[in-house]
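Before any comments, here is the structure.
The values are calculated or read from the model by the stated rules, or taken from the named source; none is laboratory data. In this text, all values refer to a predicted model and were calculated from it rather than measured experimentally. Here the Cβ positions follow ideal geometry from the backbone for every residue, glycine too, while neighbour counts run over all protein chains shown. Areas reflect the complete protein model, heavy atoms only, side chains present, ligands, DNA and RNA absent. Shrake-Rupley method; radii C 1.70, N 1.55, O 1.52, S 1.80 Å.
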Amino acid sequence: MYKRQGTEGGATSGAVLMPTLIEAVLSAKRTQYRSQSGVEIYGNLSASSYGAFAALDGNELKNTLGELIDNAVEALATPGTVSMDLSATEEAVFIAIKDNGVGIPTDLIPALGKRGFSFGKSGHSGLGLHGALESTEKWQGKLTFESKFGRGTTVTLELPRAAMPGWFLPKIDMAKSDHVVILDDDDSMHGVWAERFKTARDQSGTKLVHLKTGPDAKRWLDLNRHKQAVFLFDYELIGAEHTGLDWIEKLGIEDKAVLVTSHFENPVIRDRCEKLSVPLIPKLLAGSVPIQA
């Protein structure tokens, strides 16, 4: 039903899921600058970034990326834009912070990141870039700069990619299933899954079953025990006595189920999923999880 990827060289409990971290930073910075007219902050998570982890302190990386975005905003000639793009290869994760601000003359780029150096920012010490450079070196990564004077700057953070933890679902394998049973009390999530499975439905006739309560799931399963299905269950069912994980266990579908939740970082939930051998998908990534038909 699904394929799980083991870790290399032991557990990767310190591995941080990069797409959700990037979205958290973007959300915080949009809130910070929403009253600043003419400043637009957006992000792009490439398909390659699904399942991209890095072994580091997530809070430290959030602080570093926040400072890089602050630098980019300060460099803008309002109105202007700042973007943070995430991509990955098998070996590395790349975070690019781009602005269309004043830019930096080519001959000054080598000085970026040096303590005390800043360009075009009155009263600025340059400690933000210096700290980002020190942190990147600590993470065994690399920080590079590209800039065109008058057109903008790109700061790219390259980090070693960590092995995918066992709790994370790398892809949904539909090779032996023709039904997808979705349990979620949020209509918008049913829409996300319908769009995500559109190609699979067109190619192989996959049937989607949309349910909103645990008892609905039990009734469907009682009538369709003979059918091969994948079960995608939300964890938090508002107003319900049992969680989606409770229902996975109650229905005895641990080997066919995936927990889809915004609470994937909760260690209690992760531990219970591990004991039940139920993998997780962060709800934020439901629209991008690879599907093998």
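Points worth noting:
- Summed over region 15-35, residues that are open to solvent by 40 Å² or more (accessible area, probe 1.4 Å) and of a type outside the set (D, E, K, R) total 6.
- When residues of region 153-193 are limited to those that are open to solvent by less than 50 Å² (accessible area, probe 1.4 Å) and acidic (Asp, Glu), the one modelled with the highest pLDDT: ASP184
- Here region 131-144 is the region considered, the condition is being closer than 18 Å to LYS98 by Cα and modelled with pLDDT under 90, and the residue that is most open to solvent (accessible area, probe 1.4 Å) is LEU133.
- Figure legend. Inter-residue proximity from region 93-112: first residues on the phi > 0 side of the Ramachandran plot and crowded, with 16+ Cβ neighbours inside 10 Å, second residues acidic (Asp, Glu) and modelled with pLDDT of 95 or more, beta-carbon distance below 6 Å, spacing 6+ or different chains. No pairs are indicated.
- Within region 245-267, considering residues that are of a type in the set (Asp, Glu) and open to solvent by less than 70 Å² (accessible area, probe 1.4 Å), the one nearest to LYS171 (Cα to Cα): GLU254
- Qualifying position, being over 15 Å from ILE291 (Cβ atoms) and of a type in the set (Lys, Arg), among LYS207, LYS250: LYS250
- Among residues of region 154-179 being in contact (Cβ under 8 Å) with a residue 60 or more places away in the chain and acidic (Asp, Glu), the one that is nearest to PRO282 (Cα to Cα) is ASP173.
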